[in-house]
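Student: Before I ask anything, let me first share the structure, which is written out below as structure tokens.
The values are calculated or read from the model by the stated rules, or taken from the named source; none is laboratory data. Note that this is a predicted model, so its numbers are computed, not measured. Glycine gets a Cβ as well: all are built from the backbone with ideal geometry, and neighbour counts include every protein chain shown.
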2 protein chains.
Amino acid sequence: MSANRLIYLPLGGAGEIGMNCYVYGYGPEGHERLIVVDLGVTFPDMEGSPGVDLIMADISWLEARADRIEAIFITHAHEDHIGALGLLWPRLKKQVYARRFTATIGRLKLDESGLPLDAITTVAPRPAIVEAGPFRVQFVPVSHSIPESSALVIDTPAGRIFHSADFKIDHNPVVGEPWDDDAIRAIVAERPIKALMCDSTNVFSTHAGRSESTLGPALKELIQKSGGMVVATTFGSNVARLKTLAEAARAADRSICVLGRSMRRMLSASEETGVLTGFPRLVSPEEALEIPRRNLMLLVTGSQGERRAASAQLSRGKYLGLQMKEGDTFLFSSKTIPGNERPVLKIMNAFSEMGVDVVDDSGGLYHVSGHANRPDLEHVHRLLLPDMLIPMHGEHRHLREHVKIATESGIAAEIAVNGMMMDITGETPQVAEYIETGRQYLDGNVLIGAMDGVVRDRIRMALNGHVMVTVILDEGNAPLGEAWVELSGLPDIGRGERALAATLETDLSDFLETAGAKVLRDDDKLDEALRRIVRQVTMEEIGKKPEVTVVVSRLQAE
Amino acid sequence: MSANRLIYLPLGGAGEIGMNCYVYGYGPEGHERLIVVDLGVTFPDMEGSPGVDLIMADISWLEARADRIEAIFITHAHEDHIGALGLLWPRLKKQVYARRFTATIGRLKLDESGLPLDAITTVAPRPAIVEAGPFRVQFVPVSHSIPESSALVIDTPAGRIFHSADFKIDHNPVVGEPWDDDAIRAIVAERPIKALMCDSTNVFSTHAGRSESTLGPALKELIQKSGGMVVATTFGSNVARLKTLAEAARAADRSICVLGRSMRRMLSASEETGVLTGFPRLVSPEEALEIPRRNLMLLVTGSQGERRAASAQLSRGKYLGLQMKEGDTFLFSSKTIPGNERPVLKIMNAFSEMGVDVVDDSGGLYHVSGHANRPDLEHVHRLLLPDMLIPMHGEHRHLREHVKIATESGIAAEIAVNGMMMDITGETPQVAEYIETGRQYLDGNVLIGAMDGVVRDRIRMALNGHVMVTVILDEGNAPLGEAWVELSGLPDIGRGERALAATLETDLSDFLETAGAKVLRDDDKLDEALRRIVRQVTMEEIGKKPEVTVVVSRLQAE
């Protein structure tokens, strides 16, 4: 039997921001016992994944080794860490461990998918320990932009791992536990850190991070001086922000109404689990209609411009009877995630047309990030003094930069992107193997592979349009009637004011008239010939090469 | 005959950034003589205009009044001001006026479209005057991010208009004429300004704009200290930037190679027209291959992540034999236009994977904007002292903010978005009429209306997939064989591991078997019934409602 080894394998979240899923293993090569950290999602976009509902890591590698999985740990309740739980748990069926708030959100997801709620065990923070085969795992409270975010201390026979999860250094986070240097020092004093797997999101932000608590005064001033209704959007899970906004509203004698299911859900989970107390009583949308605008504040979902969220709905008109008006203020207490600029700007401009004052984060007053900036990362490197560092939670450029700064301070650091299994048994991380991995899509209610070609075909139809050709051949392979053409997503009229479909039908029928029996009797040859004509004629007529579907119906002798 | 009036009508560029097209008119109502300022384009995106090649203003209103158009003026050679010239000129066929550099670029566009080059008349700057019916127009040199950008002084019997076009206040713009307060004062002294139509792009930037000339030292330092090859991208039309980059390269003993047609075209037009002199000799890509990397700098197109431009090509591998390597530096000397973040980040990450150091504008060192910031706009308001101001070149939120700051300093300001004809004869701008306007798309080589439904159908196919149903009925309206189904952009397998197409074919064929003659003989009823079944079954099987095309072929008695 070969020697035991300690491995680390990111399946999602390393080389991208989103769909986090990390695996640790310990044991003889190929027989390691495994734990999984996080099962997150990424959100689709029109550019690369039109019509897709959710994106998550392809976990086939894990599925094939489900018998070796000891447990699943969820670090916090952001969608990019917990969002795939209901979809992927049935493929692994292993016990899930999370702290109370995270577990509450997780059980809502299991419930929606009709899965057993006791699949999740609620765990207290360190010093409580979860034993999972060769692993002993502790949840370490860290500050972030959601209650109860936790780093993991993972003890293995080969050494102690610190899996940072998402964190920032905030000594006064408004809700939840502050960042605590001493608690981190105690972890290191207890047992030195062999490997730090570390959040890299803000490695390019060169100033020290700001505390959530610094936002209060500016938000109070803004809300105080606003004449009409104030509407504020932020991530629904940013409970601390919601509290700051609500307190600022109350200081300005405003009642608070929350619009958007995900935000309401986060608030009630926070109150239920005791992480949030003293939040002002909310008014319902019906009650809100009776309150003077200058005594009202709405907290709404949709800070990223999501089409169906409350912000977008309000930008299009009435939502639950409520409507923005001239003199109102709309506040984005949030950052626009790269790629979401267009829909966010669309909402801003729609409000501008209504005469609403739109305020965003451009002045740096109304939002702080939930991730550690570069000086904060360097501080954490110094606190933890790990033998090695592998950056995670970042695009490739973030990982690369993080490796650079770690290397500069003498830590053995390596980039490991999704699918790179690292052997971390020794003093430096070594590539052990490249695992075939990728993304899968929830499309409607079906999981499909990102490379299956389904979405590629949709993108092609969106770019090129679609031509459908129907041809009927009789028992003797002779064309019966003319070819029939239907266009989708293509202009009706081509050059010289000719109808494109008619031109195609003429040219296809002419071809059928003169085609030899060898072509007419061979489905593939006929399909190819018709397809070629369609693409050529369409190119001449309108300058595009469309996608083509050919249906040849052959009548059978009865 | 009614009194003469002076009107202003934006057809593009007011309520958006892009496809600028403005109309001025003077004369009796409905008989005004007209001039057109700029014929620009906007670039499409996957979100709203997949597969489209270019977007431009719908000029049907102008076309219907072509006999009243005196002339077309192009303020500068940016695509959002000149890009539609070759496409829209044939619909107006009026003389075009522009300064030398702009005219040179314009003639290249006319040439590509096979149009007469003498449609453009080259005009000298003020004091030269173009007489166009009741209008007397002068080109006023302003600083911007392209050579020879010009504001227009438009004299009419009802007063003097200052059409700012795109500008910034730059007293040392590296290439071209510096901003000149005295020249502007002289214009006002000559005749007071009745109306200022003013660039609004940077109204939210609260600091004073920076001069192009401030970039030299930082660029020199960056290029000097880089070990490998340096590749820099910026807009090809930013000739001043190209000059600064080239000079920094030469100071670091680097030869310069330009990749990308549009950049080469801008450089030769600049040299040809004398706006650029002393640009270092370029080496060809073949020559570049022989030069040590640390003595080479490439200037490349594609700062916005355009798929086919040189930057994107280099991020995917070799381009013209040249290839990025570890230790090279790639510089975005540019700002990412909102909406282009994803493709730009994709390129950055691809370079990161190659070990290339990517440098962008986030530190504020390597790029300055070409538009006037808020303090600069306020300065120009004070210089010009217009009776009224109508903001242009901005999204609605920019226009609104610009009106706010103008109003605060006592100028009568109003928002006029595309299609709002303003009567500016009196002391304040008044809405005269709402013109039906919009966008048209160049799609392949056909111009289609944005609301024609063609692109909407493409977007729907991208979101929902496409099902094609073929049914053959005999002379007696009885189904001949089974229904046939083809899927595009949909998963093959639905719930319960059933093949979706087979399930659909069975259900459709079952329906046809039992359908009454009334349905079978009626194309519309049959189409609707089949469509309904497809959407319902697909929803059940895969949770999506696809687009459906039904082809019913009826065999004729011969």
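Student: Only one residue in B:Ala195, B:Ala240, B:Ala249 is touching a Gly at 6+ places or on another chain (Cβ under 9 Å), buried (at least 23 other Cβ atoms within 10 Å of the Cβ) and in a helix (DSSP H, G or I), so which one is that? Steps first, please.
Tutor: Working: B:Ala195 fails: in a helix (DSSP H, G or I); B:Ala249 fails: touching a Gly at 6+ places or on another chain (Cβ under 9 Å).
Answer to the check: B:Ala240.
Student: For A:Ser362, indicate whether it is part of a helix (DSSP H, G or I) and touching a Lys or Arg at 6+ places or on another chain (Cβ under 7 Å). Step through it out loud before you land on a result.
Tutor: Numbers: part of a helix (DSSP H, G or I): yes; touching a Lys or Arg at 6+ places or on another chain (Cβ under 7 Å): no.
The answer is no for A:Ser362.
Student: Which residues, counting only those in region A:546-558, are crowded, with 16+ Cβ neighbours inside 10 Å, assigned to a loop (DSSP other than H, G, I, E, B) and more than 8 Å from chain B (Cβ to nearest Cβ)?
Tutor: Hit for region A:546-558 is A:Pro546, nothing else.
Student: Would you confirm whether or not region A:52-65 contains a residue that is away from every other protein chain (no Cβ under 14 Å), under 30 Å from B:Ser352 (Cα atoms), buried (at least 22 other Cβ atoms within 10 Å of the Cβ) and touching an Asp or Glu at 6+ places or on another chain (Cβ under 9 Å)?
Tutor: Yes, some residue in region A:52-65 is away from every other protein chain (no Cβ under 14 Å), under 30 Å from B:Ser352 (Cα atoms), buried (at least 22 other Cβ atoms within 10 Å of the Cβ) and touching an Asp or Glu at 6+ places or on another chain (Cβ under 9 Å).
Student: Which one of these is part of a helix (DSSP H, G or I), away from chain A (no Cβ under 14 Å) and more than 30 Å from B:Trp484 (Cα to Cα): B:His379, B:His367? Quick ask: steps written out before the conclusion?
Tutor: Working: B:His367 fails: part of a helix (DSSP H, G or I).
Only one candidate qualifies: B:His379.
Student: Consider B:Gly355 against the criteria (1) at negative phi; (2) within 12 Å of another protein chain (Cβ to nearest Cβ); (3) modelled with pLDDT of 95 or more: it satisfies all of them except one. Which criterion is unmet?
Tutor: All conditions pass for B:Gly355, except number (1).
Student: Just to confirm my filter: which strands (runs of 3 or more DSSP E) fall fully inside region B:52-115 and include at least 1 residues that are acidic (Asp, Glu) and closer than 23 Å to B:Thr273 by Cα? I'd like the intermediate steps shown before the answer.
Tutor: Values: elements: B:54-57, B:69-73, B:96-98.
It comes to none.
Student: Among (1) of a type outside the set (Phe, Trp, Tyr); (2) more than 7 Å from every other protein chain (Cβ to nearest Cβ); (3) under 24 Å from B:Ala450 (Cα atoms); (4) in contact with a Leu (Cβ under 6 Å, 6 or more places away or on another chain), where does A:Gly465 come up short?
Tutor: (2)
Student: Exactly one condition in (1) touching a residue at least 60 places away in the same chain (Cβ under 8 Å); (2) closer than 24 Å to A:Asn238 by Cα is false for A:Gly327; which is it?
Tutor: Unmet condition: (2).
Student: Just wondering, is there one or more residues in region B:523-544 that are closer than 28 Å to A:Gly444 by Cα, not in a helix (DSSP H, G or I) and not β-branched (Val, Ile, Thr)?
Tutor: Within region B:523-544, one or more residues are closer than 28 Å to A:Gly444 by Cα, not in a helix (DSSP H, G or I) and not β-branched (Val, Ile, Thr).
Student: Within region B:534-542, identify whether any single residue is in contact with a Phe, Trp or Tyr (Cβ under 7 Å, 6 or more places away or on another chain) and more than 9 Å from every other protein chain (Cβ to nearest Cβ), and answer yes or no.
Tutor: Filtering region B:534-542 for residues in contact with a Phe, Trp or Tyr (Cβ under 7 Å, 6 or more places away or on another chain) gives none.
No - not one qualifying residue is present in region B:534-542.
Student: (1) away from every other protein chain (no Cβ under 14 Å); (2) under 26 Å from the mean Cα position of the chain (by Cα); (3) assigned to a helix (DSSP H, G or I): which one isn't true of A:Ala288, the others all being true?
Tutor: Failing condition for A:Ala288: (2).
Student: Provide a single number: the residues in region B:416-446 that are buried (at least 18 other Cβ atoms within 10 Å of the Cβ) and under 30 Å from A:Ser488 (Cβ atoms).
Tutor: Number of matching residues: 9.
Student: Which of (1) more than 9 Å from chain A (Cβ to nearest Cβ); (2) buried (at least 17 other Cβ atoms within 10 Å of the Cβ); (3) in contact (Cβ under 8 Å) with a residue 24 or more places away in the chain does B:Arg521 not meet, given it meets every other one?
Tutor: It is condition (2) that B:Arg521 fails.
Student: It is to be established whether one or more residues within region B:332-345 are without any contact (Cβ under 8 Å) to a residue 24 or more places away in the chain and assigned to a loop (DSSP other than H, G, I, E, B).
Tutor: Yes, the conditions are met somewhere in region B:332-345.
Student: Report whether or not B:Pro338 is surrounded by fewer than 18 Cβ atoms within 10 Å (Cβ to Cβ) and within 14 Å of chain A (Cβ to nearest Cβ). I'd like the intermediate steps shown before the answer.
Tutor: Values: surrounded by fewer than 18 Cβ atoms within 10 Å (Cβ to Cβ): yes; within 14 Å of chain A (Cβ to nearest Cβ): yes.
Against the criterion (surrounded by fewer than 18 Cβ atoms within 10 Å (Cβ to Cβ) and within 14 Å of chain A (Cβ to nearest Cβ)), B:Pro338 qualifies.
Student: Here is a further query. Among the residues of region A:393-407, write down those that are away from every other protein chain (no Cβ under 11 Å) and closer than 21 Å to B:Met354 by Cβ. Even if it seems obvious, please write down each step before you answer.
Tutor: First, pick out the residues of region A:393-407 that are away from every other protein chain (no Cβ under 11 Å): A:393, A:402, A:405-407.
If the condition is that a residue be away from every other protein chain (no Cβ under 11 Å) and closer than 21 Å to B:Met354 by Cβ, then A:His402, A:Ile405, A:Ala406, A:Thr407 are the ones that fit.
Student: Would you check which residues across region A:200-237 are assigned to a loop (DSSP other than H, G, I, E, B) and of a type in the set (Ser, Thr, Tyr) and list them?
Tutor: Within region A:200-237, the first condition is being assigned to a loop (DSSP other than H, G, I, E, B), and the residues that meet it are A:200-201, A:203-211, A:226-229, A:234-237.
Passing the criteria: A:Ser200, A:Thr201, A:Ser205, A:Thr206, A:Ser211, A:Ser226, A:Thr234, A:Ser237.
Student: If B:Ser315 passes every condition in (1) surrounded by 22 or more Cβ atoms within 10 Å (Cβ to Cβ); (2) under 29 Å from the mean Cα position of the chain (by Cα); (3) away from chain A (no Cβ under 13 Å) but one, which one does it miss?
Tutor: (3)
Student: Determine, yes or no, whether B:Gly27 is at positive phi, touching a Lys or Arg at 6+ places or on another chain (Cβ under 9 Å) and within 14 Å of chain A (Cβ to nearest Cβ).
Tutor: Numbers: at positive phi: yes; touching a Lys or Arg at 6+ places or on another chain (Cβ under 9 Å): yes; within 14 Å of chain A (Cβ to nearest Cβ): no.
So B:Gly27 does not fit the description; no.
Student: For region B:29-51, name all the residues that are in contact with an Asp or Glu (Cβ under 6 Å, 6 or more places away or on another chain) and within 19 Å of B:Arg342 (Cα to Cα). Show your work before the answer.
Tutor: In the first step, residues of region B:29-51 are kept if they are in contact with an Asp or Glu (Cβ under 6 Å, 6 or more places away or on another chain); the result is B:33, B:35, B:40-41, B:46.
Within region B:29-51, just B:Met46 meets the criteria.
Student: Let me ask something else. Only one of these is touching a helix residue (DSSP H, G or I) at 6+ places or on another chain (Cβ under 9 Å) and basic (Lys, Arg): A:Lys318, A:Lys346. Name it.
Tutor: Details: A:Lys318 fails: touching a helix residue (DSSP H, G or I) at 6+ places or on another chain (Cβ under 9 Å).
Answer to the check: A:Lys346.
Student: Among the residues of region A:430-443, is any part of a strand (DSSP E or B), modelled with pLDDT of 95 or more, within 8 Å of another protein chain (Cβ to nearest Cβ) and more than 27 Å from A:Ser211 (Cα to Cα)? First the steps, then the outcome.
Tutor: Within region A:430-443, the first condition is being part of a strand (DSSP E or B), and the residues that meet it are A:430-434, A:439-443.
Restricting the remaining residues to those that are modelled with pLDDT of 95 or more gives A:430-434, A:439-443.
Okay, now just the ones that are also within 8 Å of another protein chain (Cβ to nearest Cβ), so A:443.
With the extra rule that they be more than 27 Å from A:Ser211 (Cα to Cα), the set shrinks to A:443.
Within region A:430-443 (the criterion being part of a strand (DSSP E or B), modelled with pLDDT of 95 or more, within 8 Å of another protein chain (Cβ to nearest Cβ) and more than 27 Å from A:Ser211 (Cα to Cα)), the answer is yes, since at least one residue qualifies.
Student: Just name the residue that is nearest to the other protein chains (Cβ to nearest Cβ) out of those in region A:487-508 that are buried (at least 21 other Cβ atoms within 10 Å of the Cβ) and in a helix (DSSP H, G or I).
Tutor: If we take residues in region A:487-508 being buried (at least 21 other Cβ atoms within 10 Å of the Cβ) and in a helix (DSSP H, G or I), then A:Leu500 is nearest to the other protein chains (Cβ to nearest Cβ).
Student: On to the next question. Here are some conditions: (1) modelled with pLDDT under 95; (2) assigned to a loop (DSSP other than H, G, I, E, B). A:Lys518 meets all but one. Which one does it not meet?
Tutor: In the conditions (1) modelled with pLDDT under 95; (2) assigned to a loop (DSSP other than H, G, I, E, B), A:Lys518 misses (2) alone.
Student: Now a separate question. Which ones in region B:150-190 are out of contact with any Asp or Glu (no Cβ under 6 Å at 6 or more places or on another chain) and of a type in the set (Ser, Thr, Tyr)?
Tutor: Listed by number, the residues that qualify are B:Ser150, B:Thr156.
Student: Scan (1) more than 24 Å from A:Ala450 (Cα to Cα); (2) in contact with a Lys or Arg (Cβ under 7 Å, 6 or more places away or on another chain); (3) facing chain A (nearest Cβ under 10 Å) for the single condition B:Leu473 breaks and write down its number.
Tutor: In the conditions (1) more than 24 Å from A:Ala450 (Cα to Cα); (2) in contact with a Lys or Arg (Cβ under 7 Å, 6 or more places away or on another chain); (3) facing chain A (nearest Cβ under 10 Å), B:Leu473 misses (3) alone.
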